[in-house]
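The values are calculated or read from the model by the stated rules, or taken from the named source; none is laboratory data. Treat the numbers as computed from the prediction; the structure is a model and nothing was measured. Cβ placement follows ideal geometry from the backbone for every residue including glycine, while neighbour counts extend to all protein chains displayed. Surface areas here come from the heavy atoms of the whole protein model, side chains and all, with no ligands, DNA or RNA. Shrake-Rupley method; radii C 1.70, N 1.55, O 1.52, S 1.80 Å.
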Amino acid sequence: MAIVVSVPSDELLEAVSGLPGITPVRWTLEGPPPRPDLDLVVPPYMSKAAGLGPLNQVAPCAVQSQSIGYDGVAEALPGGFTYCNAAGVHEASTAELTLGLIIAAQRDLARFVRSAERGEWAGGTTRALADSTVMVIGQGGVGRAIMARLAPFEITLVRVASTRRTDAGGVVHGIADLPGLLPEVDVVVLAVPLTPATTKLVDAGFLAALKDGSLLVNVARGAVVDTDALVAEVSRKRLRAALDVTDPEPLPADHPLWSLDDVVITPHIGGNSAAMAPRVAALVRSQAEALRDGKPLRNVVIQP
């Protein structure tokens, strides 16, 4: 069966060109679609859920996101469409950045960079990742990739998911266990999807339970954290933060987070590394071939 695949970039157009039984067209979801009979639509990377409205101009089909998260999509996606996320694309890169953020914060790299810009040789003892207790909240693909990379660093790992369970690795604590766990950890990593249950999961009470000097690392979604509560704690020099995502996002130039010494910020680049493009291309090709061959799609998170 011949199918039509819509992609938003020349790179993805090239990735699916030449595949037998697959007709590629380009559409960024801006302006009218190139044709109404699409079988697979790939929206632009980092596009908002609200940007899915133009799908109303085509017949219901499959949508392949280039991101893992899909918060707000269920409300924005027109009826009859199947939505697939990009699980398997971003986990490794996000985990790499997470380790980089933790090490940068623990070893005070931002201070050393500032000293180097002034030509100052300013040493001193820093914190370490070794011998720290690190909590990873979120046991999906990103959380597992982070934990795999933490394993060689001689840490004590605390795993937290939505509900408590036991697996081959021991106890996975539930969110309900957090009050008793937070006072004992040195680093908290957030790797959860944004849902009603996780929105502002990290609130003033959560932060108050952490011991002085603890590090909060967010590679999930900005709205998982109450930003005002975090600013208050870091401003008092009680907690530190390393953030790849913020609320609001993009972070305004005059936002107080920018001026805090104990905050490291990257602009939502967790999955956006050189590893991303070939992995997205491979996923789009495999999804197109599955549709063509009548096989099940991967990573279906919303279906009619």
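Observations
- In region 264-281, the residue that is surrounded by the most Cβ atoms within 10 Å (Cβ to Cβ) out of those that are touching a residue at least 60 places away in the same chain (Cβ under 8 Å) and not in a loop (DSSP other than H, G, I, E, B) is V280.
- The listed residue being in contact with a helix residue (DSSP H, G or I) (Cβ under 7 Å, 6 or more places away or on another chain), in contact (Cβ under 8 Å) with a residue 60 or more places away in the chain and open to solvent by less than 60 Å² (accessible area, probe 1.4 Å), out of V301, V245, V231, V284: V284
- Index of the failed condition, A110 passing every other in (1) aliphatic (A, V, I, L, M); (2) within 22 Å of the chain's Cα centre (by Cα); (3) under 19 Å from T98 (Cβ atoms); (4) not in a loop (DSSP other than H, G, I, E, B): (2)
- Of the residues L29, L19, the single one that is touching a helix residue (DSSP H, G or I) at 6+ places or on another chain (Cβ under 7 Å), over 26 Å from G271 (Cα atoms), part of a loop (DSSP other than H, G, I, E, B) and of a type in the set (A, V, I, L, M) is L19.
- Against the conditions (1) part of a loop (DSSP other than H, G, I, E, B); (2) open to solvent by 40 Å² or more (accessible area, probe 1.4 Å); (3) of a type in the set (V, I, T), V89 satisfies every one except (2).
- Condition check for E11: in contact (Cβ under 8 Å) with a residue 12 or more places away in the chain, assigned to a helix (DSSP H, G or I) and charged (D, E, K, R): yes
- Matching residues in region 92-122 - criterion: being acidic (D, E) and open to solvent by less than 70 Å² (accessible area, probe 1.4 Å): D108
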